[in-house]
Amino acid sequence: MKTEFKKITMMLMVLSMAFMLLPTISITASATFTTEVKNAAELQNALINGETDITIVTGYTVIIDGTLTINNDVTLRLDGRIFINGILYNNGVIYNNGILYNNGVIYNNIEGIIHEINGEIDNEGETIHNFGTISGNRVIIHNIDGVINNYCTGTISNAEMYGNPIVNIGHDFIVVTVGATCEEDGVITVTCSRCDYFAFEVLKKLDHVEETETVSTTCTEDGYVKVTCSVCGETLSFEVIDATGHTEVTERVAATCTEDGYVKVTCSVCGEEISNTVLPALGHNYFTAVVPATCTSDGSMFHVCLRCTDYYFEVVPDLGHDFVVVVDVVVAPTCEDDGYTIYGCSRCSETMGDVVPALGHNYVGVVVVPATCTDVGQEMRVCANDASHIEYREIPVNGDNHVGGTYEKTITEATVEAEGLMGIYCSDCDTLLDTRIIDKLPDVTKDFEFLKERAAGILRNGLSQNNLRLDGKVLTLVVDGREFVLSTNANNRNIDGEIALGDGYFLRFDIKGNGSNIKMFDIILKG
């Protein structure tokens, strides 16, 4: 556990510097064969491919600008040269037969070994942190203006130093004390924040200091004697002393007709009320003497209690008559006249008459002639109680009941530029019931050249009744399959008009007909 703590501490120190460096080269190896590399790219590929035995070839240099981490299952054989411009983390084994140049920071961790054979470590102006072992047949370290920190139990042996000396930094002790209690031993632990050093001393547990608490008994509650430790609060013993119980005294008060009694039990020692039973009041036991009431006279009741002589009087109101029907309907009511019924009392000979009001008329209407938009209607009403009662009433004119048919009348004439509007009117009251759109007139001026060319042969010689078509009130001229609307409001008898064709030309028409048949026509192109 302490080893893990030490590793975490070292990692935090390293990470605080890493933000200034280039991307990390992380080694995770799984292969066992030896690979020769000549440059940083080949080294990176070997590490990425999981190779565990890697040699940097003699005469070649690998430059590390980022962070190089050698895990504990990797062996790096240095026959050439390595330039550390970033950071080297060594958790594995480096066999140095070349030169290791440090321009950055080297962390030789607890698990790390740098084994010098015939190589050199050239440390100029930078830092080497050694937690592990740097050793060999001959260790040559050029520490010119650099810093070599030998932490905790780190070892540098057989070294020939050139430049600054090695700084031996011992343990960074952390002392934690857990005090002893009456129940458990205490302990003093000493650890190193940088390595797995650990030592401890046991503090023997303390003896209890007894303290006694006594509580006396009562009639209802137990007492006790409790012994506790004044140091740790533990209960060492606890003895219960049973409650003594009540000494009961009973008091009785009998109930009366109007007041409750009770049976109360109390303790003569502590005065506590143990129970209190209520004896409900008995209530009066009345004897009653009765004078009966009649239909017209009050009666009375005299009540006297047989236990306490309490008494009171009570008036019994007269019963009033109980009239029942002794004769059925003597005269039945009509629409206009009352009827009546005779009743007799079931207790005495008194009688009374009950008037049945006249029924009144209940007319039901039947329409004889419905009202229209111009004429009133008539309704016949028959009484449901007596069919001989009949009356008539007038139905007002109904402006929505148009029964006389419709006719059409132009509201707005259609032109070439705009649609027209046709109104649909009631034939009886001339009310506008609906409208419809009249299509725009065709612009015959567009066919001016056509009509002018065809005028001589068609309008003077070739025009016949077949050239005209009258549909309702729309009169159409047909020339060689082309249609020209002459009028949209023809009255089927005398139709005349003039259409301006432009350029000084007019199309004059004068048609005479009877119904939908055209009898005479005259169409002239004037210019």
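Brief remarks on what is shown
- Candidates T212, T250, F173 compared by Cα position along the dipole of the range 122-254: farthest toward the positive end lies F173, with charges placed on Cβ.
- In sequence order, calculated HN-Hα J values of the range 429-437 (Karplus, 6.51, -1.76, 1.60; Hz; x Gly/Pro): 10, 6, 6, 6, 9, 7, 9, 9, 7
- Full-stretch length increase - T220, T415 - with 0.36 nm per residue and alpha-carbon distance subtracted: 58.4 nm
- Global geometry of the range 176-308, whether rounded, prolate or oblate, following the gyration tensor of its Cα atoms and the 1.5 cut on a/c: oblate
- Distance between the range 351-406 and the range 269-325 - C-alpha centres, whole angstrom: 67
- For D338 and Y311, the FRET efficiency from 1/(1 + (r/R0)^6), where r spans their Cβ atoms and R0 equals 60 Å, is about 0.65.
- Cross-link reach list, aspartates and glutamates versus K440, counting only Cα pairs under 20 Å and skipping chain neighbours closer than eight places: E408, E413, E417, E419, D471, E483, D496, E498
- Amide H within-cut-off set for G186, under 5 Å, with H built and near neighbours excluded: A180, T181, L203, K204, K205
- Solvent exposure of the range 326-379, expressed per residue, is 64 Å² of accessible area, with all protein chains present and a 1.4 angstrom probe.
- Each residue, R252 and E184, gets one label point 7 Å from its Cα in the Cβ direction; the gap between the two is 6.7 nm.
- The solvent-accessible area of F198, taken with every protein chain present and a 1.4 Å probe, is close to 100 Å².
- Shown in residue order for the range 196-205 are the 3J(HN,Hα) couplings computed by the Karplus curve 6.51 cos²θ - 1.76 cosθ + 1.60 at θ = phi - 60°: 9, 4, 8, 8, 8, 9, 8, 9, 5, 5 Hz (x for Gly and Pro).
- Computed over protein heavy atoms with a 1.4 Å probe, the carbon and sulfur contribution to the accessible area of the range 259-373 reaches 57%.
- Span from the the range 152-207 Cα centroid across to the the range 228-248 one, whole angstrom: 49
- Probe 1.4 Å, all protein chains present, accessible-area order of S487, S216, largest first: S216, S487
- Amide H contacts of V356 (H built 1.01 Å from N, under 5 Å, at least 5 apart or other chain): G339, Y340, T341
- Kirkwood estimate for the range 265-352, i.e. one over the average of 1/r between Cα atoms, Å: 19.1
- Under the Debye formula (equal points on every Cα, no solvent term), log10 I(q)/I(0) of the range 233-309 at q = 0.14, 0.24, 0.26, 0.27 Å⁻¹: -0.73, -1.05, -1.11, -1.14
- The eigenvalues of the Cα gyration tensor, multiplied by 5 and square-rooted, give the range 37-140 an equivalent ellipsoid with semi-axes of 18, 15, 14 Å from largest to smallest.
The values are calculated or read from the model by the stated rules, or taken from the named source; none is laboratory data. Keep in mind that what you see is a predicted model, and the values were worked out from it rather than measured. Cβ atoms come from the backbone with ideal geometry, glycine included; neighbour counts cover every protein chain shown. Just so you know, the surface numbers come from the protein's heavy atoms only, side chains and all, with ligands and any DNA or RNA stripped out. Shrake-Rupley method; radii C 1.70, N 1.55, O 1.52, S 1.80 Å.
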